[in-house]
Amino acid sequence: MKRIVITGVGVVTPFGVGLQTFKEGIFAGRNGIKPITRYSDLPVKYAGEVGFDPLQYFDKKDAKRLDRFTQFALVAAREAIEAAQLKDIDPYTVGVVFASGMGGLEYLENQIVNLYTKGQRTVSPFTVPASIINIAAANIAIEHGFHGPAFAPTTACAASLDAIGQGYTLLQQEEDLNVVLVGGSEASITPLGITSFHNMKALSPLNEPTASRPFDKRHSGFVMGEGAGALVLESLEHALKRGAKPLAEVVAYAATCDAHHVTAPDPSAEPQAKAIEKALKRAGITPAQIDYVCAHGTSTPLNDVIETKAIKQALGDHAYEIPVSSVKSMIGHLLGASGAVETVATVLALQEQMVPPTINFQEPAEECDLYYVPNKAEKRTINYALKESLGFGGHNSVLVLRRYEG
Amino acid sequence: MMDMVKSLLEENGYPTEGLTEETNFESLGVDSLGLVDLTLSLEQKGYTIPEEKLSEIKTVGDLLRVLGGNA
């Protein structure tokens, strides 16, 4: 087994563009949820919308052809690649695994409106290449000239954690691959995106900026967010040889499927717990070695209770000894981008030895009896952290990350 | 007509400096999808561009000639 490290990260989040604002936001316990400005008359008024001017990052021609989710992806990838100082590298040794849950929803939605209101001849010829889910990965490859494998896992809200896991797996399997740019992107704060999630009762019906309350008694659904997270993965050997500084190490990845229901998690929590157990086994560590769990923590009653149950099943009594927190309390649920952005938060936690809090927390929900780091970041010794993401379809994905001490 | 084509190119973010009838669309970054996009926009402005003429359009002058057929 090769040792795989993260050598650069980049994000676009409801806190703004770039890692610095994200880092300050999560450790200050800031709330990134604001009134939605890009659309009116939606059934929900608040979301984690990104203040983003495409023309600051793209020329007019590209801004028109690229859906917002690809724009976020490209901006996050640029930051990660620059941070990793990835240059002068054989392009056939660099792959891209970049996920999304919904893809170019806004572009597609606008064209469907054109089709039904203005006719067939008003449908953009860019519709397909703007909206297909793999197009963020492809555009990253095009922009940077990476010729290794490029694809997009599409496991809903677990998608970008699977992207990191698949990138990790590729690096283990393919001898001639040195680097994989991994991550995920999402931009679903659109009329169809918001209405669909609202009508299935997944979104909190409360029109309040503090409605994202993972594990809290008053949790009532998730709050939509948008953005992207990108990470540069490479073997430790390759990183050190080119003088790159590892930020953290990925030591294991595991995934299971509930095989139970399209949206509801298996109430036994067993498949989720199994994913954690498999990841620990692959990492070669015991539950007692985990110092922090960066939870999926959506703020839906079903998720929060069953995720808590799964963590306890997998970690036993040790689950009560360690902090478990949800970044979604601060930025909302970034769907297919959430796993990548929250992995970046976990990397920051390992680097800073500081746990981001679960904000908007007053009183624990019934059956949510772990320590959720209420409202304020905490200094902790963290050597191993667990990051989990769960997706509609019953997808359970888990990463184990380790602090890097060079 | 040239002014109309120029402003359409500008609206779509293509460079128009020094635009002449000889200017090749490809040199402006207008690829095949971009050209279809421009012709669909022209349709909305009331012009007709027959499908079979599309492949003949390589330069601004080619487009002007096809549009001229509309006059």
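The values are calculated or read from the model by the stated rules, or taken from the named source; none is laboratory data. Please read these numbers as outputs of a predicted model, since none were measured by experiment. Note: ideal-geometry Cβ built from the backbone for every residue, glycine included; neighbour counts use all protein chains shown. In case anyone asks, the SASA skips ligands and DNA or RNA and just uses the protein heavy atoms, side chains included. Shrake-Rupley method; radii C 1.70, N 1.55, O 1.52, S 1.80 Å.
Tell me yes or no: at least one residue of segment A:133-152 is within 14 Å of another protein chain (Cβ to nearest Cβ), open to solvent by less than 30 Å² (accessible area, probe 1.4 Å) and not in a loop (DSSP other than H, G, I, E, B).
If we filter segment A:133-152 for residues that are within 14 Å of another protein chain (Cβ to nearest Cβ), which is where we start, we get A:135, A:142.
The next check asks that each one be open to solvent by less than 30 Å² (accessible area, probe 1.4 Å); those that pass are A:135.
Add one more test, that the residue is not in a loop (DSSP other than H, G, I, E, B), and what stays is A:135.
There is at least one residue in segment A:133-152 that is within 14 Å of another protein chain (Cβ to nearest Cβ), open to solvent by less than 30 Å² (accessible area, probe 1.4 Å) and not in a loop (DSSP other than H, G, I, E, B).
Taking the stated definitions as given, is B:Gly61 without any contact (Cβ under 8 Å) to a residue 60 or more places away in the chain and open to solvent by less than 60 Å² (accessible area, probe 1.4 Å)? Before you say what the answer is, go through the steps one by one.
Values: without any contact (Cβ under 8 Å) to a residue 60 or more places away in the chain: yes; open to solvent by less than 60 Å² (accessible area, probe 1.4 Å): yes.
Yes.
So, in segment A:1-16, of the ones that are open to solvent by 10 Å² or more (accessible area, probe 1.4 Å) and either more than 15 Å from the chain's Cα centre (by Cα) or modelled with pLDDT under 95 (or both), which residue ends up farthest from A:Glu226 (Cα to Cα)?
The extreme case among them is A:Met1.
As an exercise: evaluate A:Lys87 against (1) at pLDDT below 95; (2) not in a loop (DSSP other than H, G, I, E, B) and give the number of the one condition it does not meet.
So the condition that A:Lys87 fails would be (2).
If A:Asn207 satisfies every condition in (1) over 23 Å from the mean Cα position of the chain (by Cα); (2) surrounded by fewer than 16 Cβ atoms within 10 Å (Cβ to Cβ); (3) modelled with pLDDT of 95 or more but one, which is the exception?
(3)
Do the conditions hold for A:Ser268, that is, is it over 20 Å from A:Phe361 (Cα atoms) and either modelled with pLDDT under 95 or part of a loop (DSSP other than H, G, I, E, B) (or both)?
Values: over 20 Å from A:Phe361 (Cα atoms): yes; either modelled with pLDDT under 95 or part of a loop (DSSP other than H, G, I, E, B) (or both): yes.
Here the answer is yes, as A:Ser268 does meet what is asked.
What about A:Lys34, is it farther than 17 Å from A:Gly184 by Cα, within 14 Å of chain B (Cβ to nearest Cβ) and open to solvent by 60 Å² or more (accessible area, probe 1.4 Å)? Let's see the steps before the verdict.
On the way: farther than 17 Å from A:Gly184 by Cα: yes; within 14 Å of chain B (Cβ to nearest Cβ): no; open to solvent by 60 Å² or more (accessible area, probe 1.4 Å): yes.
Spelling it out, it is not the case that A:Lys34 is farther than 17 Å from A:Gly184 by Cα, within 14 Å of chain B (Cβ to nearest Cβ) and open to solvent by 60 Å² or more (accessible area, probe 1.4 Å).
Given A:Phe72, A:Phe22, which one is over 29 Å from A:Pro129 (Cα atoms), at pLDDT 95 or above and assigned to a helix (DSSP H, G or I)? Steps first, please.
Values: A:Phe72 fails: over 29 Å from A:Pro129 (Cα atoms).
Among A:Phe72, A:Phe22, only A:Phe22 is over 29 Å from A:Pro129 (Cα atoms), at pLDDT 95 or above and assigned to a helix (DSSP H, G or I).
May I ask you to verify whether A:Ser185 is surrounded by 22 or more Cβ atoms within 10 Å (Cβ to Cβ), hydroxyl-bearing (Ser, Thr, Tyr), within 14 Å of chain B (Cβ to nearest Cβ) and under 28 Å from A:His333 (Cα atoms)?
Numbers: surrounded by 22 or more Cβ atoms within 10 Å (Cβ to Cβ): yes; hydroxyl-bearing (Ser, Thr, Tyr): yes; within 14 Å of chain B (Cβ to nearest Cβ): no; under 28 Å from A:His333 (Cα atoms): yes.
No; evaluated as a whole, the condition is false for this residue.
Looking only at segment A:37-55, how many residues end up being more than 14 Å from every other protein chain (Cβ to nearest Cβ) and open to solvent by 40 Å² or more (accessible area, probe 1.4 Å)? Step through it out loud before you land on a result.
Step one: filter segment A:37-55 for residues more than 14 Å from every other protein chain (Cβ to nearest Cβ), giving A:37-53.
Narrowing the set further to residues that are open to solvent by 40 Å² or more (accessible area, probe 1.4 Å) leaves A:37-41, A:43, A:45-46, A:51, A:53.
Looking only at that region, the number is 10.
If A:Ser40 passes every condition in (1) farther than 25 Å from A:Ala340 by Cβ; (2) assigned to a helix (DSSP H, G or I) but one, which one does it miss?
Single failed check for A:Ser40: (2).
Out of the residues in segment A:56-110 that are among the basic types (Lys, Arg) and within 14 Å of another protein chain (Cβ to nearest Cβ), which is surrounded by the fewest Cβ atoms within 10 Å (Cβ to Cβ)? First the steps, then the outcome.
Of segment A:56-110, the ones among the basic types (Lys, Arg) are A:60-61, A:64-65, A:68, A:78, A:87.
With within 14 Å of another protein chain (Cβ to nearest Cβ) added as a condition, the list becomes A:60-61, A:64-65.
Details: A:Lys60: 14, A:Lys61: 17, A:Lys64: 17, A:Arg65: 22.
Out of the qualifying residues, it is A:Lys60.
Determine, yes or no, whether A:Gly184 is at pLDDT 95 or above and not in a helix (DSSP H, G or I). Please lay out each step first, then the result.
On the way: at pLDDT 95 or above: yes; not in a helix (DSSP H, G or I): yes.
So A:Gly184 fits the description; yes.
Considering each residue of segment A:114-132, count those that are under 18 Å from A:Leu66 (Cα atoms), part of a helix (DSSP H, G or I) and more than 9 Å from chain B (Cβ to nearest Cβ), and give that number. Step through it out loud before you land on a result.
Going residue by residue through segment A:114-132, those that are under 18 Å from A:Leu66 (Cα atoms) are A:114, A:122-132.
Remaining after also requiring part of a helix (DSSP H, G or I): A:114, A:122, A:127-131.
Keeping just the survivors that are more than 9 Å from chain B (Cβ to nearest Cβ) gives A:114, A:127-128, A:130-131.
Here the count works out to 5.
May I ask you to say which residue of A:Gly51, A:Gly29 is closer than 30 Å to A:Glu378 by Cβ and in contact with a Lys or Arg (Cβ under 7 Å, 6 or more places away or on another chain)? Working first, answer last.
Numbers: A:Gly51 fails: in contact with a Lys or Arg (Cβ under 7 Å, 6 or more places away or on another chain).
When all the criteria are applied, what remains is A:Gly29.
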